[in-house]
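The values are calculated or read from the model by the stated rules, or taken from the named source; none is laboratory data. All of these numbers come straight from a predicted model, not from anything done at the bench. Virtual Cβ from ideal backbone geometry, glycine too; neighbours counted across all protein chains shown.
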Amino acid sequence: MQRSFGQYQKLLAASQTQERLVNVRERLRDLEKVWECENGCRIRDLAEYYKLEDRRRVIRIELRRLRREAFPNGAPKGRTQGRGRGRGRRPQPIGAAGREINRLEEEGRDLLDKQRRLKFVRCPHFGDHVAAYGEIRHLQEEVERGEKEVSGQFDEYARKFRRLRQVLVETAFLKDDQPTERGLLASRVYGENTLVVTEAIALGLFEGLTPEELCAVLVMLTAEDRMRDRGPRPPRRYPTPGIAQVSRLVRSLFFRFSDLERELDEPNLRPPSHDYIDFAYRWAAGEGLDTIPLPPNADIGDAIKAMKGLYSLLRQLEWALKEQRWPLADAVREATAKMERDVIKRT
């Protein structure tokens, strides 16, 4: 990983970032050296001021949100709710929202009072101090961002490797840093959903399916779902009850693996597609290419691409299962033979 071209690019970027940080740090030191004030104002006083100001800004944002939620149609007219009846007072909502608004307003007043008691606020050069510290603060934030960026660039591939390894350990594809039986099978299958395909085989989900049904289920894990994000979906229809049952089990397996990957911040799986289930079933059953109905929003080129992807997976499985003598090998060999005709055979 350290000798890869990708890592070389990361190190080059890290070197450029470090060079930029040298100039930033020098500018920061220069500003801190010339910080002088006859009234004894100190940099840490400005840091305290900005800390209070940051919290006040958060409170103001939260108060605006709470008031918008309490009065979605604008503040009501008439007598105000809450304490006092002074003219021009902002109407206050009652209940939990009102209590939270009162608490935040009280906290905001306390923070403002603390700011006003800071000694340097009364300094004649207060405006200059704030402007100067604003630049110092900006440079400090730039240094922090740059250091995180450099740190991430140095070990990004190692961290990714550790996350991927953890996924394989959690799913029993690795044990004691050695591939298990299903891990060896997965190493011979290529694609985004390799883990789901292999796990389904290891659990015996495909056993008992006819070759045509096996094709219909496997295409879920190889084809792209063109119906995704295109509005309401048509109701799902399955050619046989066996396909319907196994497809639900495959979806459940996908969500289990997908949730694990998200928890480890390494999402790689592609959601199962239902577009070509019927098409793959009919193709494996021997129907002609010009007689099989196309899925919505798909053309003939999309369908042929989906069938080629399915055929490629079947060929991989045929070799991998024979190598390890899995019980599904015969069904996969038959399914491959049924797929290998017409345009698939020619291409």
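Quick notes on this one:
- Tally, over the stretch 202-227, of residues that are surrounded by fewer than 24 Cβ atoms within 10 Å (Cβ to Cβ), part of a helix (DSSP H, G or I) and acidic (Asp, Glu): 1
- Out of 189, 167, 143, sole residue that is closer than 27 Å to residue 2 by Cα and outside any helix (DSSP H, G or I): 189
- Per the listing 317, 313, 321, the residue uniquely in contact with a Leu (Cβ under 9 Å, 6 or more places away or on another chain) and closer than 16 Å to residue 277 by Cα is 313.
- In the stretch 263-300, the residues that are in a helix (DSSP H, G or I) and at pLDDT 90 or above: 277, 278, 279, 280, 281, 282, 283, 284
- Within the span defined as the stretch 327-337, every residue fails to be surrounded by 14 or more Cβ atoms within 10 Å (Cβ to Cβ), more than 20 Å from residue 189 (Cα to Cα) and touching a residue at least 24 places away in the same chain (Cβ under 8 Å).
- All positions within the stretch 146-167 that are surrounded by 13 or more Cβ atoms within 10 Å (Cβ to Cβ) and over 19 Å from the mean Cα position of the chain (by Cα): 146, 147, 149, 150, 153, 154, 155
- Scanning the stretch 177-190 for residues that are over 16 Å from residue 321 (Cα atoms) and either surrounded by 15 or more Cβ atoms within 10 Å (Cβ to Cβ) or among the acidic types (Asp, Glu) (or both) returns a single hit, 177.
- Complete set of residues in the stretch 306-326 that are touching a residue at least 60 places away in the same chain (Cβ under 8 Å) and of a type outside the set (A, V, I, L, M): 309, 312, 316, 319, 323, 324, 326
- Matching residues in the stretch 197-225 - criterion: being more than 23 Å from residue 302 (Cβ to Cβ) and among the β-branched types (Val, Ile, Thr): 198, 201, 210
- Filtering 303, 320, 298, 335 for residues that are closer than 14 Å to residue 209 by Cα and of a type in the set (A, V, I, L, M, F, W, C) leaves a single hit, 335.
- Looking only at residues in the stretch 31-50 that are surrounded by 11 or more Cβ atoms within 10 Å (Cβ to Cβ) and among the charged types (D, E, K, R), the one that is modelled with the lowest pLDDT is 32.
- Selected residue [at pLDDT below 80, closer than 30 Å to residue 138 by Cβ and either in the same structural domain as residue 134 (by TED's automatic domain parsing) or under 39 Å from the mean Cα position of the chain (by Cα) (or both)] from 28, 111: 28
- Flag if residue 167 is in the same structural domain as residue 264 (by TED's automatic domain parsing) and touching a residue at least 60 places away in the same chain (Cβ under 8 Å): no
- Of the residues making up the stretch 176-190, those that are hydroxyl-bearing (Ser, Thr, Tyr) and over 10 Å from residue 316 (Cα atoms) number 2.
- Boolean, residue 183 is in contact with a strand residue (DSSP E or B) (Cβ under 7 Å, 6 or more places away or on another chain), in a helix (DSSP H, G or I) and either farther than 30 Å from residue 18 by Cα or outside the structural domain of residue 277 (by TED's automatic domain parsing) (or both): yes
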